[in-house]
Amino acid sequence: MARRLSVRDLDLKGKRVLIRVDFNVPLNKDGTIADDMRIVSALPTIQYVIQQGGKAIVMSHLGRPKNGKSPALSLAPCALRLSELLKKPVVMAPDCIGEAVTKIVSEMKDGDVVLLENLRFYPAEEKPELDPSFAQQLAALGDCYINDAFGAAHRAHSSTVEIAKYFPTCSAAGLLMEKEIAFLDKALKQPEQPFYAIIGGAKVSTKIQVLHSLLEKVEALFIGGAMAYTFFAAQGKAIGDSLFEKEMIAEAEKIMRLCTEKKVALYLPVDTVAATHFDNTAPFQTFENGIPDGYQGMDIGKKTVAVWSQELKKAKTVFWNGPVGVFEFENFAKGTFAVAHVLASMQEAITIAGGGETVAAINEADLTASFTHISTGGGATLEYIEQGTLPGIEGLCNNKLNDWAVRKPRD
């Protein structure tokens, strides 16, 4: 019977250890790293490999390169930051496969760290069927494989799924992957009640499955962001020029109907901050009974914040994914920050947040330490709630337990 191994199960001394991490960090316009949380989150596994005498070969993607290699999406800034955090040199490889990379890896000493270049410079990373040899070439660089990229574990890519097939006795989960799985299993599969969820973002279509899944678990559902305007449209309310999905109105109606049937309290904004056009400097007003033509919804209003705050404080567990306004604009980020502050104040409750913009808001408000758990994966967290597993996790469950060649002996 297959089971998932931990990096702690492996004998790493002298081994070339391929570590798939998620260094898909946000970058500033000048190419510097805007938020290094994902690099910091991967440190425990990398440090563990080094301490055990392994040779850490770190690999990741960054952004969505469209035409092969793109200097603007090089992982070089990540290598620099990783070196600073580890307080030791990190060699930045010129590529992720090829003779030059093989040579660099062959010259590594125990405890050395090499960061491979952006995996997505090769189309076969996202579409393994285009070139099966890509995963094979990556695998050839290591003696064992560690997947610590929870944020990419919902993608069946070469470096998250296909590569594990080349390590049937020594593919394992990293410390971050283990932490994410253990926490989500405990907090979301058997949550302390009452369990509430806040779902924001732009599109109902990208969150519809998780909404259905959450309806089986939560006692209250709060919907913000542009998603709310599709629900308003389903209720027949005026939404002005707001972003919404006409083709999802029937689904929104179904969700509202299911909330009633399952006795799940549904909270939509009671007032909306709307602007004349999509810009931070656009004139705006707050409307309570629909949004007039010439205005588009941009954020939840003060009355909504007050109502939601009062209700959220009744929860024992809260899951939050997605901003409740146009977070990238300062004038329309107030609602998202308000939600962050409310959850941060709930020290007796289990508060879980996931998703890039959600985490960015929490970080910007300097509230990270006040949340019970900040997930490194937005889409991965949502899919894990839906499916109970992920392709990248399943890829680690094909180990042959009768071969302990590279594993630590059991007591």
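The values are calculated or read from the model by the stated rules, or taken from the named source; none is laboratory data. As the structure is a computational prediction, the values presented were derived from the model and not from experiment. Reconstructed Cβ throughout: ideal geometry from the backbone, glycine too, with neighbour counts over all protein chains shown.
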Counted residues in the stretch 260-278 being assigned to a loop (DSSP other than H, G, I, E, B) and either among the aliphatic types (A, V, I, L, M) or surrounded by 14 or more Cβ atoms within 10 Å (Cβ to Cβ) (or both) come to 6
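Identify, from the list Leu176, Leu215, the residue that is farther than 15 Å from Val326 by Cβ, crowded, with 21+ Cβ neighbours inside 10 Å and hydrophobic (A, V, I, L, M, F, W, C).
Numbers: Leu215 fails: crowded, with 21+ Cβ neighbours inside 10 Å.
Result of the check over Leu176, Leu215: Leu176.
With without any contact (Cβ under 8 Å) to a residue 60 or more places away in the chain, in the same structural domain as Lys127 (by TED's automatic domain parsing) and within 21 Å of Ile163 (Cα to Cα) as the only criterion, which of Val91, Val58 stands out?
Numbers: Val91 fails: within 21 Å of Ile163 (Cα to Cα).
Within the list Val91, Val58, the selection yields Val58.
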Exactly one of Arg16, Arg38, Arg81, Arg8 is closer than 21 Å to Gln137 by Cα and of a type in the set (Lys, Arg), and that one is Arg16
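Go through the stretch 306-322 and count every residue that is free of Cβ contacts under 8 Å to residues at least 40 places away in the same chain and closer than 22 Å to Val204 by Cβ.
Step one: filter the stretch 306-322 for residues free of Cβ contacts under 8 Å to residues at least 40 places away in the same chain, giving 306, 309-310, 313.
In the following step, the residues that additionally are closer than 22 Å to Val204 by Cβ were identified as none.
Matching residues across the stretch 306-322 total 0.
Mind listing whichever residues of the stretch 353-369 are hydrophobic (A, V, I, L, M, F, W, C) and either over 11 Å from the mean Cα position of the chain (by Cα) or assigned to a helix (DSSP H, G or I) (or both)?
Val359, Ala360, Ala361, Ile362, Ala365, Leu367, Ala369
When you scan the stretch 67-96, how many residues do you find that are modelled with pLDDT under 95 and within 21 Å of Asp30 (Cβ to Cβ)? Can you show your working first?
First, pick out the residues of the stretch 67-96 that are modelled with pLDDT under 95: 67-72.
If we keep only those that are within 21 Å of Asp30 (Cβ to Cβ) too, we end up with 69-72.
Going through the stretch 67-96 one residue at a time, the tally reaches 4.
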Condition set part of a helix (DSSP H, G or I) and out of contact with any strand residue (DSSP E or B) (no Cβ under 7 Å at 6 or more places or on another chain), scope the stretch 370-387, selection modelled with the highest pLDDT: answer is Ser370
Condition set touching a strand residue (DSSP E or B) at 6+ places or on another chain (Cβ under 8 Å) and in a helix (DSSP H, G or I), scope the stretch 305-329, selection surrounded by the most Cβ atoms within 10 Å (Cβ to Cβ): answer is Trp308
Note on the stretch 279-304: residues buried (at least 22 other Cβ atoms within 10 Å of the Cβ) and of a type in the set (Ser, Thr, Tyr) are Tyr295, Thr304
